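One structure is given here, and the rest of the page talks about it.
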C-alpha cells in the first residue's frame, strides 16, 4: 500500500549524512517559487496569514530558491519537516531498510513540490496547499496541481504493486488529489479522544497519530488494509462500532501522553 501525509510549517534544518533524491516535480517547484518571489511582502503576509517576521523570512527564502540547489541548502523532506505529524513519524529513527521501504511507499503532499518521497531534497520553504496563489493554471494551488498528484500516486502504486492508498494527510492537502483521476482505493484512518462523552477529534493529537500510523505501516511493511486495525501506538485502539469499511476509527482516553501512559 501507499501512505500519504502532509508537510509541516516548522522545519528542522539539521545537517543529515544521508543521500538525497531529486523531487519528481522540481521544475514545478522552481516555477512556483518564482511566482511567489514576485509577491510583495504584504501579499505574502496575506496569502498565508503570516506575521511580518514570517513574511520576511519566506520572502527571503523564495528570493534565494535555486533552480539547481546544492546539497548545503537542501535537506531530505521527511527529516526536514518538524511538525506534529513528524513527531509521530519519527523519521530520524527509522533504520536503513525501513527508510528504503518508505522511499517507495510513503509520499508527502506539498503545495510547492507536489509529491515528495522521504529522501527528496527540499529547500527551506513555506507554501500551504490551501494558498490562493495565482498562476497561469488558475487562482489557487488546487488549480495548479489539478490531476498531477493523482497521476503520480497512481503511477507509484503501480510500481509497487498496490491498489490501496492510506490517507494520513489533512483535508487541506488530500483535497488537492483529484478523486476522478485517482484509481486507488482510499482508506482514511480517524483518531479520536474519549473525554467521557462522545469521542472527538483533537487536531493536535490527530496530526501526531497520523504520523504514527504512517510509521506503523512503514515498520510493518503493511500491504493489507485489514492490518491497520492492529495499530495501538500512543494508547489508541481500533473501535469497530465507530468504523466504516474505509474509515477505521481509533480511540484512546483523552490526555494520554504520546507513549500511551
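Listed by position, the strands (runs of 3 or more DSSP E) enclosed by segment 99-138 that each have at least 2 residues that are touching a residue at least 40 places away in the same chain (Cβ under 8 Å), buried (at least 18 other Cβ atoms within 10 Å of the Cβ) and under 10 Å from the mean Cα position of the chain (by Cα) are 106-110, 114-116. Looking only at segment 11-24, residues that are free of Cβ contacts under 8 Å to residues at least 40 places away in the same chain and assigned to a strand (DSSP E or B) come to 0 in all. The residue list 36, 8 contains one member that is crowded, with 18+ Cβ neighbours inside 10 Å and either free of Cβ contacts under 8 Å to residues at least 12 places away in the same chain or more than 30 Å from residue 236 (Cβ to Cβ) (or both), which is 36. Given (1) crowded, with 18+ Cβ neighbours inside 10 Å; (2) assigned to a helix (DSSP H, G or I), identify the lone condition not met by residue 3. (2) is the only condition that residue 3 fails.
Taken over segment 165-187, the criterion of being under 17 Å from the mean Cα position of the chain (by Cα), part of a loop (DSSP other than H, G, I, E, B) and surrounded by 17 or more Cβ atoms within 10 Å (Cβ to Cβ) is satisfied by 169, 170, 176, 177. Residue 67 satisfies every condition listed in (1) out of contact with any helix residue (DSSP H, G or I) (no Cβ under 7 Å at 6 or more places or on another chain); (2) over 24 Å from residue 90 (Cα atoms) except (1). Taking segment 188-233 as the range and being under 19 Å from residue 94 (Cα atoms), outside any loop (DSSP other than H, G, I, E, B) and free of Cβ contacts under 8 Å to residues at least 40 places away in the same chain as the test, the residues that pass are 216, 220. Out of 84, 95, 67, I need the residue that is free of Cβ contacts under 8 Å to residues at least 40 places away in the same chain and under 30 Å from residue 219 (Cβ atoms). Which one? 95 is the lone residue from the list that is free of Cβ contacts under 8 Å to residues at least 40 places away in the same chain and under 30 Å from residue 219 (Cβ atoms).
Taking segment 27-73 as the range and being in a loop (DSSP other than H, G, I, E, B), within 19 Å of residue 8 (Cβ to Cβ) and touching a strand residue (DSSP E or B) at 6+ places or on another chain (Cβ under 8 Å) as the test, only 65 passes.
The numbers here are math on the coordinates, done by the rules we state, and not lab data. Keep in mind that what you see is a predicted model, and the values were worked out from it rather than measured. Cβ sites come from the backbone with ideal geometry, for glycine too, and all protein chains shown count toward neighbours.
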